[in-house]
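The values are calculated or read from the model by the stated rules, or taken from the named source; none is laboratory data. Given the structure is predicted, the values throughout are model-derived calculations rather than measurements. Glycine also receives a Cβ, built like all others from the backbone with ideal geometry; neighbour counts cover every protein chain displayed. To get the accessible areas, we keep the full protein, side chains included, count just its heavy atoms, and leave off ligands, DNA and RNA. Shrake-Rupley method; radii C 1.70, N 1.55, O 1.52, S 1.80 Å.
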Amino acid sequence: MTDQSSTKRIILVAGARPNVMKIAPLYRALQQTSWCDPEIVFIEQHYSRNMGKDLFAQLGVESTGTVIELPDGDFGTRFGAMVEGFFRYASTASPSLILVPGDVDTSLAAAIATKRLQVPLAHLEAGLRSFDRSMPEEINRLAIDSISDLLLATCEDSLRHLEAEGAPAEQVEFVGNIMIDSLVATLDNDIQKGIRKSLAIHDEFALVTIHRPSNTEDDIRLNMICDALEKLAKRMTVLFPLHPRTAQALNRIGRLDALKASGIRLTENQPYDDFINLMSLARLVITDSGGLQEETSYLNIPCLTVRENTERPCTISHGTNRLATPQTLSELIQATLQQPNAVKSDLPLWDGQTSERCVDALGRFLKVTI
(Lines give C-alpha, C1' and ligand atoms only; values in the text may rest on other atoms or scores of the structure.)
Protein backbone atom coordinates (compact mmCIF):
# COMPACT_ATOMS: atom_id res chain seq x y z
CA MET A 1 0.00 0.00 0.00
CA THR A 2 1.16 3.53 -0.74
CA ASP A 3 2.76 5.35 2.17
CA GLN A 4 0.71 8.31 3.44
CA SER A 5 3.65 10.64 2.86
CA SER A 6 3.51 9.87 -0.88
CA THR A 7 -0.21 10.61 -1.25
CA LYS A 8 -0.87 12.75 -4.32
CA ARG A 9 -3.27 15.65 -4.13
CA ILE A 10 -5.27 16.09 -7.35
CA ILE A 11 -7.61 19.02 -7.89
CA LEU A 12 -10.52 18.35 -10.24
CA VAL A 13 -12.06 21.53 -11.67
CA ALA A 14 -15.71 21.95 -12.68
CA GLY A 15 -17.80 24.97 -13.49
CA ALA A 16 -20.76 24.01 -15.69
CA ARG A 17 -23.31 21.21 -15.84
CA PRO A 18 -21.53 18.99 -18.42
CA ASN A 19 -18.29 19.09 -16.43
CA VAL A 20 -19.96 17.89 -13.25
CA MET A 21 -20.87 14.66 -15.04
CA LYS A 22 -17.23 14.23 -16.09
CA ILE A 23 -15.70 15.04 -12.73
CA ALA A 24 -18.04 13.08 -10.44
CA PRO A 25 -17.18 9.52 -11.57
CA LEU A 26 -13.47 10.32 -11.64
CA TYR A 27 -13.62 11.79 -8.14
CA ARG A 28 -15.36 8.67 -6.86
CA ALA A 29 -12.79 6.41 -8.54
CA LEU A 30 -9.84 8.40 -7.16
CA GLN A 31 -11.34 8.21 -3.67
CA GLN A 32 -11.05 4.42 -3.87
CA THR A 33 -7.28 4.53 -4.37
CA SER A 34 -4.69 4.43 -1.60
CA TRP A 35 -2.44 6.97 -3.27
CA CYS A 36 -4.68 9.92 -4.10
CA ASP A 37 -6.39 12.66 -2.13
CA PRO A 38 -8.80 14.13 -4.71
CA GLU A 39 -10.50 17.48 -4.28
CA ILE A 40 -13.19 19.22 -6.31
CA VAL A 41 -13.03 22.94 -6.98
CA PHE A 42 -16.22 24.37 -8.47
CA ILE A 43 -15.85 27.70 -10.27
CA GLU A 44 -19.42 28.93 -10.39
CA GLN A 45 -19.82 29.61 -14.13
CA HIS A 46 -23.39 28.25 -13.90
CA TYR A 47 -25.35 28.94 -10.76
CA SER A 48 -28.99 28.42 -11.72
CA ARG A 49 -30.82 25.41 -10.32
CA ASN A 50 -29.95 22.05 -11.91
CA MET A 51 -27.05 23.66 -13.81
CA GLY A 52 -24.26 23.77 -11.24
CA LYS A 53 -22.81 22.39 -8.05
CA ASP A 54 -26.14 20.93 -6.85
CA LEU A 55 -25.66 18.19 -9.47
CA PHE A 56 -22.86 16.51 -7.55
CA ALA A 57 -25.23 14.98 -5.00
CA GLN A 58 -27.24 13.38 -7.83
CA LEU A 59 -24.02 11.65 -8.95
CA GLY A 60 -22.99 10.25 -5.59
CA VAL A 61 -20.58 12.99 -4.50
CA GLU A 62 -21.42 14.21 -1.01
CA SER A 63 -19.35 17.40 -1.02
CA THR A 64 -18.64 19.84 -3.84
CA GLY A 65 -15.42 20.89 -2.13
CA THR A 66 -14.32 24.48 -2.62
CA VAL A 67 -16.66 26.87 -4.47
CA ILE A 68 -15.26 29.97 -6.18
CA GLU A 69 -18.01 32.50 -6.74
CA LEU A 70 -17.91 34.91 -9.67
CA PRO A 71 -19.16 38.48 -10.11
CA ASP A 72 -21.77 39.48 -12.64
CA GLY A 73 -20.37 41.11 -15.74
CA ASP A 74 -19.15 40.60 -19.26
CA PHE A 75 -16.79 37.88 -20.45
CA GLY A 76 -13.64 39.78 -19.51
CA THR A 77 -14.81 40.51 -15.99
CA ARG A 78 -15.91 36.96 -15.29
CA PHE A 79 -12.97 35.26 -16.99
CA GLY A 80 -10.51 37.42 -15.09
CA ALA A 81 -12.26 36.50 -11.85
CA MET A 82 -12.04 32.80 -12.78
CA VAL A 83 -8.29 32.99 -13.28
CA GLU A 84 -7.71 35.11 -10.19
CA GLY A 85 -9.94 33.05 -7.92
CA PHE A 86 -8.50 29.71 -8.94
CA PHE A 87 -4.90 30.98 -8.94
CA ARG A 88 -5.30 32.31 -5.41
CA TYR A 89 -6.77 29.03 -4.16
CA ALA A 90 -4.41 26.64 -5.95
CA SER A 91 -1.32 28.61 -4.94
CA THR A 92 -1.93 27.59 -1.32
CA ALA A 93 -3.30 24.08 -1.94
CA SER A 94 0.00 22.39 -2.99
CA PRO A 95 -1.55 20.07 -5.61
CA SER A 96 0.44 17.33 -7.33
CA LEU A 97 -1.69 17.75 -10.45
CA ILE A 98 -4.72 19.73 -11.61
CA LEU A 99 -7.25 18.23 -14.03
CA VAL A 100 -9.68 20.23 -16.14
CA PRO A 101 -12.43 18.66 -18.26
CA GLY A 102 -14.02 19.74 -21.51
CA ASP A 103 -13.99 23.15 -23.11
CA VAL A 104 -15.88 25.66 -20.98
CA ASP A 105 -14.39 28.98 -19.88
CA THR A 106 -13.72 27.76 -16.34
CA SER A 107 -11.54 24.95 -17.68
CA LEU A 108 -9.40 27.36 -19.71
CA ALA A 109 -9.13 29.79 -16.79
CA ALA A 110 -8.02 27.05 -14.40
CA ALA A 111 -5.58 25.70 -17.01
CA ILE A 112 -3.91 29.10 -17.40
CA ALA A 113 -3.63 29.53 -13.63
CA THR A 114 -2.24 26.00 -13.29
CA LYS A 115 0.57 26.59 -15.74
CA ARG A 116 1.49 29.94 -14.18
CA LEU A 117 1.86 28.00 -10.92
CA GLN A 118 4.02 25.43 -12.75
CA VAL A 119 1.80 22.58 -11.64
CA PRO A 120 1.23 19.58 -13.97
CA LEU A 121 -2.01 19.91 -15.96
CA ALA A 122 -4.24 17.10 -17.27
CA HIS A 123 -7.00 17.67 -19.82
CA LEU A 124 -9.94 15.26 -19.81
CA GLU A 125 -11.61 15.14 -23.28
CA ALA A 126 -8.45 16.23 -25.05
CA GLY A 127 -8.32 16.33 -28.84
CA LEU A 128 -11.95 17.13 -29.67
CA ARG A 129 -12.10 19.48 -32.67
CA SER A 130 -14.89 21.14 -34.64
CA PHE A 131 -12.39 23.09 -36.79
CA ASP A 132 -14.64 26.12 -36.37
CA ARG A 133 -12.77 28.88 -34.56
CA SER A 134 -15.86 31.05 -34.39
CA MET A 135 -16.92 28.76 -31.52
CA PRO A 136 -15.54 29.87 -28.14
CA GLU A 137 -15.33 26.22 -27.13
CA GLU A 138 -12.97 25.44 -30.01
CA ILE A 139 -10.58 28.18 -28.91
CA ASN A 140 -10.74 26.86 -25.36
CA ARG A 141 -10.04 23.28 -26.47
CA LEU A 142 -7.04 24.25 -28.56
CA ALA A 143 -5.57 26.44 -25.84
CA ILE A 144 -5.99 23.87 -23.07
CA ASP A 145 -4.51 21.03 -25.11
CA SER A 146 -1.52 23.16 -26.11
CA ILE A 147 -0.42 23.67 -22.50
CA SER A 148 -1.46 20.33 -20.95
CA ASP A 149 1.04 17.77 -19.72
CA LEU A 150 -1.35 14.81 -19.88
CA LEU A 151 -3.98 14.50 -22.63
CA LEU A 152 -6.85 12.10 -21.88
CA ALA A 153 -8.56 11.37 -25.20
CA THR A 154 -12.19 10.41 -25.67
CA CYS A 155 -12.23 8.72 -29.08
CA GLU A 156 -10.12 7.69 -32.05
CA ASP A 157 -10.80 11.02 -33.77
CA SER A 158 -9.25 12.77 -30.78
CA LEU A 159 -6.13 10.66 -31.06
CA ARG A 160 -5.74 11.55 -34.74
CA HIS A 161 -6.17 15.25 -34.05
CA LEU A 162 -3.59 15.26 -31.28
CA GLU A 163 -1.11 13.34 -33.42
CA ALA A 164 -1.61 15.74 -36.34
CA GLU A 165 -0.98 18.70 -34.01
CA GLY A 166 2.28 17.20 -32.79
CA ALA A 167 1.29 16.20 -29.27
CA PRO A 168 4.03 13.94 -27.81
CA ALA A 169 2.77 10.36 -27.83
CA GLU A 170 3.93 9.80 -24.25
CA GLN A 171 1.57 12.55 -23.07
CA VAL A 172 -1.54 11.05 -24.72
CA GLU A 173 -3.76 8.36 -23.17
CA PHE A 174 -6.86 6.90 -24.87
CA VAL A 175 -9.27 6.49 -21.96
CA GLY A 176 -12.72 6.67 -23.59
CA ASN A 177 -15.78 8.75 -22.77
CA ILE A 178 -16.27 9.49 -19.09
CA MET A 179 -19.74 10.98 -19.72
CA ILE A 180 -20.91 7.42 -20.31
CA ASP A 181 -19.76 6.46 -16.80
CA SER A 182 -22.24 8.92 -15.31
CA LEU A 183 -24.97 7.92 -17.74
CA VAL A 184 -24.65 4.19 -16.98
CA ALA A 185 -24.68 4.85 -13.24
CA THR A 186 -27.78 7.04 -13.54
CA LEU A 187 -30.10 4.89 -15.67
CA ASP A 188 -32.87 3.51 -13.47
CA ASN A 189 -36.11 1.75 -14.39
CA ASP A 190 -37.97 3.13 -11.37
CA ILE A 191 -37.01 6.72 -12.26
CA GLN A 192 -38.14 6.10 -15.85
CA LYS A 193 -41.51 4.80 -14.69
CA GLY A 194 -41.89 7.76 -12.35
CA ILE A 195 -41.10 10.25 -15.11
CA ARG A 196 -43.63 8.70 -17.46
CA LYS A 197 -46.24 8.98 -14.74
CA SER A 198 -45.39 12.51 -13.56
CA LEU A 199 -45.21 13.91 -17.09
CA ALA A 200 -48.19 11.83 -18.28
CA ILE A 201 -46.17 10.41 -21.19
CA HIS A 202 -48.10 7.60 -22.83
CA ASP A 203 -46.81 7.62 -26.40
CA GLU A 204 -43.66 8.43 -28.34
CA PHE A 205 -42.11 11.83 -27.70
CA ALA A 206 -39.30 14.05 -28.89
CA LEU A 207 -36.89 15.73 -26.44
CA VAL A 208 -35.43 19.13 -27.34
CA THR A 209 -32.56 21.17 -25.90
CA ILE A 210 -31.36 24.34 -27.59
CA HIS A 211 -28.99 26.72 -25.81
CA ARG A 212 -25.95 27.70 -27.92
CA PRO A 213 -25.56 31.40 -28.79
CA SER A 214 -25.31 30.47 -32.49
CA ASN A 215 -28.99 29.49 -32.26
CA THR A 216 -30.37 31.63 -29.46
CA GLU A 217 -28.78 34.93 -30.52
CA ASP A 218 -29.75 34.64 -34.19
CA ASP A 219 -33.44 35.55 -34.49
CA ILE A 220 -33.81 34.05 -37.96
CA ARG A 221 -32.29 30.71 -36.92
CA LEU A 222 -34.29 30.59 -33.71
CA ASN A 223 -37.58 31.34 -35.49
CA MET A 224 -36.90 28.59 -38.03
CA ILE A 225 -36.16 26.10 -35.25
CA CYS A 226 -39.43 27.09 -33.58
CA ASP A 227 -41.28 26.56 -36.86
CA ALA A 228 -39.89 23.03 -37.13
CA LEU A 229 -40.76 22.21 -33.51
CA GLU A 230 -44.32 23.48 -33.88
CA LYS A 231 -44.71 21.29 -36.96
CA LEU A 232 -43.34 18.29 -35.06
CA ALA A 233 -45.76 18.97 -32.18
CA LYS A 234 -48.65 18.20 -34.53
CA ARG A 235 -47.25 14.67 -34.88
CA MET A 236 -46.02 13.78 -31.39
CA THR A 237 -45.43 15.12 -27.90
CA VAL A 238 -42.49 17.52 -27.75
CA LEU A 239 -40.73 18.13 -24.41
CA PHE A 240 -38.51 21.19 -24.30
CA PRO A 241 -36.58 21.90 -21.06
CA LEU A 242 -35.47 25.52 -21.30
CA HIS A 243 -31.95 26.74 -20.64
CA PRO A 244 -32.15 30.24 -19.05
CA ARG A 245 -30.54 31.75 -22.16
CA THR A 246 -33.13 30.06 -24.40
CA ALA A 247 -36.06 31.26 -22.32
CA GLN A 248 -34.81 34.83 -22.59
CA ALA A 249 -34.30 34.49 -26.35
CA LEU A 250 -37.77 33.05 -26.93
CA ASN A 251 -39.25 35.92 -24.95
CA ARG A 252 -37.23 38.39 -27.00
CA ILE A 253 -38.58 37.14 -30.33
CA GLY A 254 -42.11 36.65 -29.02
CA ARG A 255 -42.27 32.88 -29.55
CA LEU A 256 -42.60 31.61 -26.00
CA ASP A 257 -46.40 31.80 -25.87
CA ALA A 258 -46.69 30.51 -29.43
CA LEU A 259 -44.70 27.39 -28.56
CA LYS A 260 -46.94 26.76 -25.57
CA ALA A 261 -50.04 27.26 -27.70
CA SER A 262 -48.76 24.72 -30.24
CA GLY A 263 -48.74 22.05 -27.54
CA ILE A 264 -45.00 21.97 -26.93
CA ARG A 265 -44.39 21.24 -23.28
CA LEU A 266 -41.90 23.79 -21.97
CA THR A 267 -40.24 23.02 -18.64
CA GLU A 268 -37.36 24.25 -16.54
CA ASN A 269 -34.03 22.44 -16.81
CA GLN A 270 -34.43 18.98 -15.35
CA PRO A 271 -32.19 17.47 -12.67
CA TYR A 272 -29.50 15.35 -14.33
CA ASP A 273 -30.84 11.99 -13.14
CA ASP A 274 -34.37 12.81 -14.30
CA PHE A 275 -33.14 14.20 -17.61
CA ILE A 276 -30.96 11.19 -18.47
CA ASN A 277 -33.78 8.77 -17.72
CA LEU A 278 -36.23 10.93 -19.66
CA MET A 279 -33.86 10.99 -22.63
CA SER A 280 -33.50 7.22 -22.54
CA LEU A 281 -37.23 6.96 -23.33
CA ALA A 282 -37.28 9.44 -26.22
CA ARG A 283 -38.02 8.50 -29.83
CA LEU A 284 -35.94 11.44 -31.07
CA VAL A 285 -33.61 14.05 -29.57
CA ILE A 286 -33.10 17.49 -31.13
CA THR A 287 -30.23 19.45 -29.61
CA ASP A 288 -27.23 21.69 -30.09
CA SER A 289 -25.42 20.18 -27.10
CA GLY A 290 -22.14 18.34 -27.30
CA GLY A 291 -22.85 15.88 -24.51
CA LEU A 292 -26.24 14.81 -25.81
CA GLN A 293 -24.67 13.76 -29.10
CA GLU A 294 -22.59 11.29 -27.10
CA GLU A 295 -25.31 10.12 -24.76
CA THR A 296 -27.83 9.46 -27.53
CA SER A 297 -25.21 7.52 -29.47
CA TYR A 298 -24.65 5.25 -26.47
CA LEU A 299 -28.42 4.87 -25.96
CA ASN A 300 -29.05 4.26 -29.69
CA ILE A 301 -31.55 7.11 -29.87
CA PRO A 302 -31.66 9.15 -33.11
CA CYS A 303 -30.25 12.63 -32.58
CA LEU A 304 -30.46 15.70 -34.78
CA THR A 305 -27.83 18.28 -33.86
CA VAL A 306 -28.72 21.82 -34.97
CA ARG A 307 -25.21 23.00 -35.71
CA GLU A 308 -23.01 23.57 -38.73
CA ASN A 309 -20.36 21.19 -37.39
CA THR A 310 -19.50 18.95 -34.48
CA GLU A 311 -16.38 18.29 -32.45
CA ARG A 312 -17.70 14.75 -31.99
CA PRO A 313 -17.77 13.37 -35.57
CA CYS A 314 -17.54 9.82 -34.20
CA THR A 315 -21.19 10.19 -33.12
CA ILE A 316 -22.03 10.54 -36.80
CA SER A 317 -19.72 7.87 -38.22
CA HIS A 318 -20.29 5.33 -35.41
CA GLY A 319 -23.43 6.56 -33.71
CA THR A 320 -26.92 7.82 -34.35
CA ASN A 321 -26.25 11.54 -34.77
CA ARG A 322 -26.92 13.76 -37.82
CA LEU A 323 -26.18 17.44 -38.31
CA ALA A 324 -29.11 19.69 -39.18
CA THR A 325 -29.52 23.32 -40.09
CA PRO A 326 -32.66 25.26 -39.20
CA GLN A 327 -33.55 25.05 -42.90
CA THR A 328 -33.21 21.24 -43.06
CA LEU A 329 -34.52 20.40 -39.60
CA SER A 330 -38.12 19.61 -40.56
CA GLU A 331 -37.04 17.43 -43.46
CA LEU A 332 -34.57 15.49 -41.30
CA ILE A 333 -37.15 15.05 -38.55
CA GLN A 334 -39.52 13.47 -41.04
CA ALA A 335 -36.82 11.22 -42.50
CA THR A 336 -35.66 10.12 -39.05
CA LEU A 337 -39.13 9.24 -37.84
CA GLN A 338 -39.69 7.11 -40.93
CA GLN A 339 -36.80 4.88 -39.83
CA PRO A 340 -38.15 2.22 -37.46
CA ASN A 341 -34.87 1.44 -35.68
CA ALA A 342 -31.76 3.38 -34.79
CA VAL A 343 -28.37 2.10 -35.92
CA LYS A 344 -26.57 0.55 -32.99
CA SER A 345 -23.38 2.43 -32.17
CA ASP A 346 -20.04 0.70 -31.65
CA LEU A 347 -17.86 3.40 -30.15
CA PRO A 348 -14.70 1.94 -28.54
CA LEU A 349 -14.18 2.48 -24.80
CA TRP A 350 -17.60 4.10 -24.33
CA ASP A 351 -18.38 1.43 -21.76
CA GLY A 352 -18.86 3.05 -18.36
CA GLN A 353 -15.30 2.26 -17.22
CA THR A 354 -13.43 5.36 -18.36
CA SER A 355 -12.94 6.67 -14.83
CA GLU A 356 -10.89 3.57 -13.94
CA ARG A 357 -8.70 4.05 -17.02
CA CYS A 358 -8.23 7.71 -16.07
CA VAL A 359 -7.09 6.68 -12.59
CA ASP A 360 -4.53 4.31 -14.12
CA ALA A 361 -3.29 7.03 -16.51
CA LEU A 362 -2.97 9.59 -13.71
CA GLY A 363 -1.11 7.07 -11.56
CA ARG A 364 1.36 6.35 -14.36
CA PHE A 365 1.89 10.02 -15.01
CA LEU A 366 2.56 10.73 -11.33
CA LYS A 367 4.75 7.62 -11.09
CA VAL A 368 2.71 6.15 -8.26
CA THR A 369 3.97 2.88 -6.79
CA ILE A 370 1.29 0.75 -5.15
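Miscellaneous remarks
- Gyration tensor verdict on the chain (Cα atoms; rounded if a/c is under 1.5, prolate if a/b is larger than b/c, oblate otherwise): prolate
- Low-density loop positions, chymotrypsin sites (Phe, Trp or Tyr not before Pro), the range 127-219 - DSSP coil, at most 13 other Cβ in 10 Å: Phe131
- Summed residue charge, Cβ within 11 Å of Pro213's Cβ, Lys/Arg positive, Asp/Glu negative: -1
- Sparse packing (at most 15 other Cβ atoms within 10 Å of the Cβ) combined with a DSSP loop state is found for the following trypsin sites (Lys or Arg not before Pro) in the range 276-370: Lys344, Lys367.
- A 1.4 Å probe run over the protein chains yields, for the chain, 43 Å² of accessible area per residue, whole-number rounding.
- For Lys367, the aspartates and glutamates whose Cα falls under 19 Å of its own Cα, not counting residues fewer than eight places away in the same chain, are Asp3, Asp37, Asp149, Glu170, Glu173, Glu356.
- The Cβ shell under 12 Å around Gln293 holds other residues with a net charge of -1, Lys and Arg each +1, Asp and Glu each -1.
- Springs join every pair of Cα atoms under 10 Å in this Gaussian network model of the chain, and among Pro244, Pro25, Pro101 the largest mean-square fluctuation is at Pro244.
- Cα gyration tensor category, rounded, prolate or oblate, for the range 26-128 with a/c compared to 1.5: oblate
- Hits among lysines - C-alpha to C-alpha of Lys197 under 27 Å, sequence gap 8 or more where chains match: Lys231, Lys234, Lys260
- Among the helices of the chain, those built from whole DSSP H runs whose Cα atoms reach 24 Å or more along their own axis and whose mean Kyte-Doolittle hydropathy is at least -0.5 are 75-93.
- Ranking by accessible area, most exposed first, for Tyr27, Tyr89, Tyr298 with a 1.4 Å probe: Tyr298, Tyr89, Tyr27
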